[in-house]
Amino acid sequence: MKKILIVGGGTAGTMTANNLAKKLMPEIDRDEIEITMISNSSKHVYRPGAMYVAFHKSAGNEFIREQKSLLMPEINFHVDAAVDIQTKNNCVVAQSGKKYVYDYLVLATGCEVAPDRIPGLEEGGDWFYTYEGAKKIAKKFEKLKKGRVLVTVSFPKTENIPHQCGIAPIETTMMLHDYLTERGVRDDVEIVYTYPKKAQSVVDGLFLQVPTSNVLPMIFDGINVKHKTSFTLNKVDPKKKIAYSEEGEEIEFDILMSTPPFIAAKVIRDSGLSKAKDNEGWLPTDKESLKVIGLDNVYTLGDTVDLSVSKAGGTIHNQTDVVADNIAAEIRFGYPTESYDGKVIAVAQMGLSCGMPLWYDYEEDVKPTPCSKLGSFVRLGFNKGLYWAAARGML
């Protein structure tokens, strides 16, 4: 019997496990394939839901489900955190001490916030990338009547790697504008959006892709959001509430809404498989097959990879079929058959009631289009219903 092991119960792991079970159902019925998932939690969390919590548009509980309820019954699921990946022995050791052996391994462990990598940010900053962080900043926004909200964005030190969900800083800046307008305090609160000097291939811009970077000044000017390029956050003084940049500038703030540094999960950083800078842990990934480079029976996808495409659900949705198809083809034919083209499809929440479709790949950047209420309706519908169908491998 061939054993497929999936490490990680987030979006990437869940979609891939269900897609594998569907594609390999004949082999599963003949007891030729066993699919196992291990995760460090019994809960499945839809991470993009956190930004709605930050603006009091969700309590958050509707974005959390029991992991087992999302998996097809043919998948063995264990709450057992991976602690040691032994690729030479084709096994993963978990916190329980149990060794999970595999013929094919899928590493889908995501990434995590690391605000401690910028001095003072953990104490002086806030973020919406976790539910805990979103609830904390929501309380501050609710009390805010005047002052300045400073938006900062930090990228990984490893070249050409994005932070989690590249569009999120723009989304939340525009949601903040709408939220403060709803509360009637927008005229008394200054919003300052900053962007680091280097954002993947873009220098001195406001976004990581040129077409969107070029239109943002007009959009921000239209809603009175101040914007500043080349502000690479270097440190924060939480007592004085001042943010400092590598370029030598400083900006005072009342609330610092940051996109903090991100790193791969600890089990990946400790595995010795990554050569990323500063022990960030991104896995060296073949951009087409989605195999971990140098390991013929190990695949990865989602936020763990070292690819230049966005670390977001809209990326995973297009990667999961490639991984599942390739593993199924290897089992049936002896070689992979599919190739990932870098495609990312999503709807950006550009304010509380406006959505903009996104579509790009390795060859072509996003072409900005006007957002619409219909777009927002689609995005909110995806959050509340379609996502869970997608996680189950139904979309």
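What to note about this one:
- Among the conditions (1) within 25 Å of S376 (Cβ to Cβ); (2) surrounded by fewer than 23 Cβ atoms within 10 Å (Cβ to Cβ), I331 misses just one, which is (1).
- Subset of region 229-252 that is free of Cβ contacts under 8 Å to residues at least 60 places away in the same chain and touching a Leu at 6+ places or on another chain (Cβ under 7 Å) - its residue that is farthest from P119 (Cα to Cα): T229
- One residue from S230, S274 being closer than 30 Å to G8 by Cα and either buried (at least 24 other Cβ atoms within 10 Å of the Cβ) or not hydrophobic (A, V, I, L, M, F, W, C) (or both): S274
- Filter result for the condition that a residue is farther than 29 Å from A94 by Cα, at pLDDT 95 or above and aliphatic (A, V, I, L, M), over I345, I327, I268, I251: I251
- Selected residue (criterion: surrounded by the most Cβ atoms within 10 Å (Cβ to Cβ)) from residues of region 280-319 that are part of a strand (DSSP E or B) and at pLDDT 95 or above: T300
- Positions within region 47-83 being polar (S, T, N, Q), part of a helix (DSSP H, G or I) and open to solvent by 20 Å² or more (accessible area, probe 1.4 Å), in sequence order: N61, S69
- Entry remark, region 180-216: residues being of a type outside the set (A, V, I, L, M, F, W, C), surrounded by fewer than 17 Cβ atoms within 10 Å (Cβ to Cβ) and assigned to a helix (DSSP H, G or I) number 7 in total.
- Count - residues of region 355-380 that are in a loop (DSSP other than H, G, I, E, B) and open to solvent by 30 Å² or more (accessible area, probe 1.4 Å): 10
The values are calculated or read from the model by the stated rules, or taken from the named source; none is laboratory data. Keep in mind the model is a prediction, meaning the values are calculated, not measured. All Cβ positions, glycine included, derive from the backbone under ideal geometry; neighbour counts span all protein chains shown. These area figures cover heavy atoms from the full protein model, side chains too; ligands, DNA and RNA do not enter into them. Shrake-Rupley method; radii C 1.70, N 1.55, O 1.52, S 1.80 Å.
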